[in-house]
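A short write-up of the structure that comes next.
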Amino acid sequence: MVRIFVIAAASASVLMFSPTVFAQEPAQYGNADQAKAMLAKAVSAVKADKTKALDMFNKGEGGFLDRGLYPFCWNVSDGKHVATRAKQLLGQDVRILRDPTGKAFGLELYAAAKEGQTTEVSYMFPRPVADTTPGQNVSFATPGQKVTFVTRAGDLGCGVGYFK
């Protein structure tokens, strides 16, 4: 009888705390409010000193790397990435990006970059691996649903995305 009670109590505990555990997963990568705040901070940094800001974005320094949140930017003139934690994208045209489902989200990002406006673009993108230490290259794993807030900062389009 005691054994049945212990098993029932353990099962109830698992079921009771499971929603909490599962609900915490998005926090591992940051949320919408944190992404918007980082984008605003990134735009301010670009306007203050573009060269320094892009260097900080690429290195993940100055508070520009928080779990799965990081700014990325491209030249509005040619679409080429000038800042991103996904180093393989540096120098590549943002407009050619497609997600694993074939969605041309790069064109949407590019078109969404408007001065004074923040637009949301949704797509699938590989989640960063847990170790996102500033100054280190980041690796990516399984794709997840990502929403990126995009705006324009001078001659750059910039975004910060979070995983849903």
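Candidate cross-link partners of Lys164 among the aspartates and glutamates, defined by an alpha-carbon separation under 17 Å and a same-chain spacing of 8 or more, comprise Glu25, Asp33, Asp66, Asp99, Glu120. For the pair Gln88/Asp55, report the inter-label distance in nm, with labels modelled 7 Å from Cα in the Cβ direction. Distance between the two pseudo-spin positions: 2.8 nm.
Annotation: aspartates and glutamates with alpha-carbon distance below 17 angstrom to Lys52 (same-chain offsets under eight excluded): Glu61, Asp155. Between Lys80 and Asn75, Val94, the built amide H atoms are under 5 Å apart, and every one of these is 5 or more places off in sequence or on another chain.
Read the figures in this text as sums done on the coordinates, not as results from a lab. For clarity, every value in this text was computed on a predicted model and none was experimentally measured. Cβ sites come from the backbone with ideal geometry, for glycine too, and all protein chains shown count toward neighbours.
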